[in-house]
Amino acid sequence: MPRYYEDLEIGETYETGGYTVTKEEIIEFAEQFDPQPFHLDEEAARDSMFGELVASGLHTLCLSVRLFVTEIVNGEVDIANMGGLGMDDLRWHEPVRPGETLRVRVEVVGKTPSTSRSDRGYVDFRRSVVNDADEEVMSILSHNIVRRTDAAD
């Protein structure tokens, strides 16, 4: 049974399972969306500030969306999500390297009922992406539209 706007409480937290990032997918993503040498070529990456091949921050963001949607929104938590309004405060804290396993921690940090549409409310989620060492590699605040209970009838 889906969790509606009224079911979500500020301070609730959820965590996804892990996703291991491979060298091949780092390069494949970079070839298509962020073709910088330190994402594409191990030798060139050695001469970069990272000293090795690292994932694009955009790749990390996309992985965080995937885990949030498949494991939280459409997964075990089953949020009656209607879509998104945007994201704020995107930060990349640490580079993501091949072989690292990422998890997403999600916290409900804000709720506002819609004043113009009774079928929805707005929920802010803080998403924190962590690696194997439990270091935060990325954080973002997402603003989602969540169906209200009355609209489900």
Item to complete: Only residues that are in contact with a strand residue (DSSP E or B) (Cβ under 6 Å, 6 or more places away or on another chain) and of a type in the set (A, V, I, L, M, F, W, C): list them for region 64-82, please.
Response: 67, 68, 72, 73, 77, 79, 80, 82
Item to complete: Can you tell me which residue within region 89-123, out of those that are more than 13 Å from the chain's Cα centre (by Cα) and of a type in the set (Asp, Glu), is modelled with the lowest pLDDT?
Response: 119
Response to the item:
Across region 1-24, the tally of residues that are farther than 18 Å from residue 132 by Cα and either under 18 Å from the mean Cα position of the chain (by Cα) or without any contact (Cβ under 8 Å) to a residue 12 or more places away in the chain (or both) stands at 4
Discussion item. Of everything in region 116-144, what is more than 18 Å from residue 9 (Cβ to Cβ), out of contact with any Phe, Trp or Tyr (no Cβ under 6 Å at 6 or more places or on another chain) and assigned to a strand (DSSP E or B)? Give them in sequence order.
Written reply: 128, 129, 130, 136, 137, 139, 140
Item to complete: Please find, within region 73-104, the residue that is nearest to residue 12 (Cα to Cα) out of those that are surrounded by 16 or more Cβ atoms within 10 Å (Cβ to Cβ) and among the basic types (Lys, Arg).
Response: 103
Discussion item. Taking the condition of being polar (S, T, N, Q) and not in a loop (DSSP other than H, G, I, E, B), how many residues in region 97-115 meet it?
Written reply: 2
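Looking at 25, 43, 31 in this structure, which one is among the acidic types (Asp, Glu) and touching a helix residue (DSSP H, G or I) at 6+ places or on another chain (Cβ under 7 Å)?
Details: 25 fails: touching a helix residue (DSSP H, G or I) at 6+ places or on another chain (Cβ under 7 Å); 43 fails: touching a helix residue (DSSP H, G or I) at 6+ places or on another chain (Cβ under 7 Å).
After applying the criteria, what remains is 31.
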Worksheet item: Identify, please: which residue in region 43-96 is without any contact (Cβ under 8 Å) to a residue 60 or more places away in the chain, of a type in the set (Gly, Ala, Ser) and part of a loop (DSSP other than H, G, I, E, B) and is, among those, nearest to residue 117 (Cα to Cα)?
Response: 75
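The values are calculated or read from the model by the stated rules, or taken from the named source; none is laboratory data. Here the structure is a predicted model, which means the values were calculated and not measured. Every residue, glycine among them, receives a Cβ derived from its backbone with ideal geometry; neighbour counts consider all protein chains shown.
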